[in-house]
Ligand code: PNS
């Protein structure tokens, strides 16, 4: 029984994140997407909006029995330990992600030896998609409807 957590800001969830979620549930027995609540970071969407967008997307995809959606504050290793999770899942798009993710994984390993970080490489069509870029393109009038799940696009239309 391998329990995994997919942590992130998800500001907002993109099709790249959704791809990681769909592939992860084929690997792990228990899978939770968990949104970081970090009041000192200026997010575009509130915590409840980000959680709601993920829940609505998971429901639309018919995955509500296989994906838990949660949020956390403070250190990820403490949250993972409370949840009795053995694995942290992170997506890797390019070499530019690697350095940050490598440092992050090593720090988490240093803090909790029992916790493993597993990286899934992005599927090719999503390799250039990031939450911040999607928001920037949308703000400037570009089409992002094919880059985020429909519930996210609807929320973007209301918010931005
Ligand atoms: O989507 P992001 O912003 O790249 O996700 C980063 C996240 C939320 C996974 C990371 O910032 C995190 O886990 N923060 C919680 C605080 C923590 O544990 N910091 C030390 C990490 S080594």
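Conditions (1) in a loop (DSSP other than H, G, I, E, B); (2) within 13 Å of the ligand (Cβ to nearest atom); (3) within 17 Å of residue 11 (Cβ to Cβ); (4) modelled with pLDDT of 95 or more, marked per residue:
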| site | (1), (2), (3), (4) |
| --- | --- |
| 40 | yes, yes, yes, no |
| 49 | no, no, yes, yes |
| 62 | yes, no, no, yes |
| 71 | no, yes, yes, yes |
| 80 | no, yes, no, yes |
| 89 | no, yes, no, yes |
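The set of residues from the range 91-114 being in a helix (DSSP H, G or I), in contact with a strand residue (DSSP E or B) (Cβ under 8 Å, 6 or more places away or on another chain) and at pLDDT 95 or above comprises 101, 104, 105, 108, 109. If you check every pair at least six apart or on different chains, which have Cβ atoms under 6 Å apart with a residue in the range 30-43 that is within 13 Å of residue 70 (Cα to Cα) first and a residue that is part of a loop (DSSP other than H, G, I, E, B) and within 12 Å of the ligand (Cβ to nearest atom) second? Here the result reads 35/10; 36/9; 37/73, each pair linking the range 30-43 to a residue that is part of a loop (DSSP other than H, G, I, E, B) and within 12 Å of the ligand (Cβ to nearest atom). So, in the range 121-131, exactly how many residues are within 14 Å of the ligand (Cβ to nearest atom) and either closer than 17 Å to residue 98 by Cβ or not in a helix (DSSP H, G or I) (or both)? Number of matching residues: 3. Here residue 117 meets each of (1) more than 25 Å from residue 150 (Cβ to Cβ); (2) in contact (Cβ under 8 Å) with a residue 60 or more places away in the chain with one exception, condition (2).
Looking only at residues in the range 25-38 that are in contact with a strand residue (DSSP E or B) (Cβ under 8 Å, 6 or more places away or on another chain) and under 25 Å from residue 155 (Cα atoms), the one that is farthest from the ligand (Cβ to nearest atom) is 31. In the set (1) within 9 Å of the ligand (Cβ to nearest atom); (2) surrounded by 11 or more Cβ atoms within 10 Å (Cβ to Cβ), residue 103 fails one condition alone, (2).
Looking only at residues of the range 146-160 that are without any contact (Cβ under 8 Å) to a residue 60 or more places away in the chain and surrounded by 12 or more Cβ atoms within 10 Å (Cβ to Cβ), we find that the one that is nearest to the chain's Cα centre (by Cα) is 153.
Inclusion of residue 9 among residues that are over 14 Å from the mean Cα position of the chain (by Cα) and within 12 Å of the ligand (Cβ to nearest atom) is not warranted. Pairing each residue of the range 87-108 that is touching a residue at least 60 places away in the same chain (Cβ under 8 Å) with any residue that is surrounded by 11 or more Cβ atoms within 10 Å (Cβ to Cβ) and in a helix (DSSP H, G or I), provided the two are 6+ apart or on different chains, yields C-beta distances under 6 Å for 89/24; 90/101; 91/20.
The values are calculated or read from the model by the stated rules, or taken from the named source; none is laboratory data. None of these values were measured; they are calculated from a predicted model. Quick reminder, even Gly has a Cβ in these numbers, built from the backbone with ideal geometry, and neighbours come from all protein chains shown.
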